[in-house]
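What follows is a set of notes on a single structure, which appears directly below.
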Amino acid sequence: MANGGVNNHDGLGCARDSQRNRGLFSISAKPPYKSELVLGGYHGRQFNSLNDVVVHSDGPFWFMDPIYAWRQGIRPKPKLPNQVYRYHTHVMADGLGRLNGITFAPDEKTVYITDTAQTDDTTRIYSRAHHSDSYAFDVMTIHDQPFLADRRVFAMASDGIPDGIKVDQKGNMYAGCGDGVNVWFAGGVLLGKILTKGGNSNFSFGRNGVMLILNENKLYRAQLSRGVHGTLIKS
């Protein structure tokens, strides 16, 4: 199943998590909407269950591969740890409990990553003693290659976990949480919430301030200020 996607020129980049075909796929936005496997593993070992993907302005995909599918009983024991990757393939970050969402700040000097280890993958029961945080990393360049440095806690969700995340053109960070879409200033201070019954797992910016919000069973449409634009939406 598709578990994360991003606009990429004339098509989509898609993170697919399934029992058979899994990995990073490129999908045509035009009929017949063909999909093509871009990458299925690292160092000869298959990915576990790709969860989210974002594209950098210089072209490469950045994506994450947590071990959810194994914990949920639909994949064999992992051969790779929970990690963030950049394609062409290089490990960018590890050491987090359960990777879930990834996005860049508008200037691409900061990347945000969520850790959702607070939930048990098999029972869906939450433990408040575990992580429900968003982290910020500085994106540095050394010998013409990007590296992540200075990991720090950006924000902690007050209800549930931060799942899908996006950033608007002003640098505010949005996360789908247990009570709806939570919004933080770039400094990590809570700006407000778009409350939805049952919370939500992901969302997408549309044009003219429209936001489409998804939970497990419903699709919501929220109207924000018409000046609010996601970083992938041209003003």
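For the reader, a short list of remarks on this structure follows.
- Label separation (Asn7 vs Leu232): 0.8 nm, computed from points 7 Å beyond Cα along the C-beta direction.
- The gain in end-to-end length when the His143 to Ala222 segment is fully stretched comes to 24.1 nm, 0.36 nm per residue minus the alpha carbon separation.
- Separation of the Leu37 and Gln169 label points, Cα + 7 Å toward Cβ, nm: 3.9
- 3J(HN,Hα) couplings calculated from phi for the stretch 168-184 with the Karplus curve 6.51 cos²θ - 1.76 cosθ + 1.60 (θ = phi - 60°) are, in sequence order, 8, 6, 8, x, 6, 9, 10, 9, x, 10, x, 10, x, 8, 9, 10, 10 Hz; Gly and Pro show x.
- The chain, relative contact order in percent, only Cα pairs under 8 angstrom and at least six apart counted: 10
- Taking other Cβ atoms within 10 Å as a rough exposure proxy, Val54, Val228, Val210 sort from fewest to most as Val210, Val228, Val54.
- A Förster distance of 30 Å, applied to the separation of the beta-carbon atoms of Asp107 and Ser158, puts the FRET efficiency at 0.60.
- Computed with the Debye formula from one identical point scatterer per Cα of the stretch 55-116, without solvent, the log10 of I(q)/I(0) at q = 0.12, 0.15, 0.20 Å⁻¹ comes to -0.32, -0.49, -0.80.
- The calculated FRET efficiency for the pair Trp70 and Leu212, based on their C-beta separation and a Förster distance of 41 Å, comes to about 0.85.
- Derived scalar couplings ³J(HN,Hα) [the stretch 54-71; Karplus, 6.51 cos²θ - 1.76 cosθ + 1.60; whole Hz; x for Gly, Pro]: 9, 10, 8, 4, 7, x, x, 7, 10, 8, 10, 9, x, 9, 4, 4, 5, 5
- The stretch 7-95, relative contact order [Cα under 8 Å, separation at least 6], %: 22
- Stokes-Einstein translational diffusion, the stretch 3-102 - Kirkwood Rh over all Cα pairs, 1.306 mPa s, 10 °C, in µm²/s: 117
- CD proxy at 222 nm, helix term only [per DSSP H run n ≥ 4: -39500 (n - 2.57); per residue of the chain; nearest 500]: 0 deg cm²/dmol
- The alpha-carbon atoms of the chain, seen along their principal axes, cover 47, 41, 39 angstrom, with the largest extent given first.
- Mean separation of Cα contacts under 8 Å (6+ apart) over length of the stretch 182-235, as relative contact order %: 24
- Evaluated on the stretch 125-235, the Kirkwood hydrodynamic radius is 14.9 Å, with distances taken between all distinct Cα atoms.
Throughout, read-outs are computed from the coordinates displayed, never taken from laboratory work. Just so we're clear, the structure is a prediction, and the values are computed from it rather than from any experiment. Virtual Cβ from ideal backbone geometry, glycine too; neighbours counted across all protein chains shown.
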